[in-house]
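One structure is given below, encoded as structure tokens.
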Amino acid sequence: MKVERVFSRKEEKETEEKLYKAIVSLKNLDECRDFFSDILTPAELQSIKDRLIVADLLDEGYTYREVNNITGVSLTTIGRVSRFLSDGSGGYSLVLKRLN
């Protein structure tokens, strides 16, 4: 019999904080690459990479259709990224500004 562990809101928040602290603790690209290749499946990593390139292209002024043609990413995902670019927490904009 499998017993399912249910996390409280507090435990869930602590786990999220631990994840962010783990990411911030990484010191270079190799450490980041190793961590993310261990923690994410190849499909999850591809999805994150797709969203970042979509955000970059949208930020440069490309239309949804152009982004779709360039990347092959679905219009639904492009719309979601666009929504977070304009109404999200500012994470995409911050990262794009720092990378460019």
* Longest exposed-site-free window of the chain, the sites being trypsin sites (Lys or Arg not before Pro) in a DSSP loop that have at most 12 other C-beta atoms within 10 Å -> 28-100
* Got the relative contact order for the stretch 1-98 handy, in percent, Cα pairs under 8 Å and 6 or more residues apart? -> 18 percent
* At 0.36 nm per residue, minus the direct Cα-Cα distance, what do Glu12 and Arg65 gain on full extension? Give it in nm, one decimal, please. => 15.3 nm
* Taking a cut-off of 23 Å between Cα atoms, list the lysines near Lys49, but don't count ones fewer than 8 places away on the same chain. => Lys18, Lys21, Lys27, Lys97
* Structure fact -> From highest to lowest solvent-accessible area (probe 1.4 Å; ligands, DNA and RNA excluded), Tyr20, Tyr62, Tyr92 read Tyr20, Tyr62, Tyr92
* Asked: Considering only Phe36, Phe84, Ser8, whose Cα is most displaced toward the positive end of the charge dipole of the chain, charges sitting on Cβ of Lys, Arg (+1) and Asp, Glu (-1)?
  -> Ser8
* **Net length gained if the chain between Val3 and Leu29 were fully extended (0.36 nm per residue, minus Cα distance)** => 5.5 nm
* Of (i) 0.96; (ii) 1.05; (iii) 1.01, which one was derived for Rg/Rh (Cα atoms, Kirkwood Rh) from the structure shown? -> (ii)
* Asked: Counting Lys +1, Arg +1, Asp -1, Glu -1, what net charge surrounds Leu99 among other residues with beta carbon under 11 Å of its beta carbon?
  -> 0
* Whole-Å semi-axes of the stretch 7-52's equivalent ellipsoid, largest first, each the root of 5 times a Cα gyration tensor eigenvalue? -> 22, 15, 9
* Cα-centred dipole magnitude for the chain, charges only on beta-carbon of K, R (+1) and D, E (-1), debye, nearest 20 -> 220 debye
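The values are calculated or read from the model by the stated rules, or taken from the named source; none is laboratory data. Given the structure is predicted, the values throughout are model-derived calculations rather than measurements. Quick reminder, even Gly has a Cβ in these numbers, built from the backbone with ideal geometry, and neighbours come from all protein chains shown. Just so you know, the surface numbers come from the protein's heavy atoms only, side chains and all, with ligands and any DNA or RNA stripped out. Shrake-Rupley method; radii C 1.70, N 1.55, O 1.52, S 1.80 Å.
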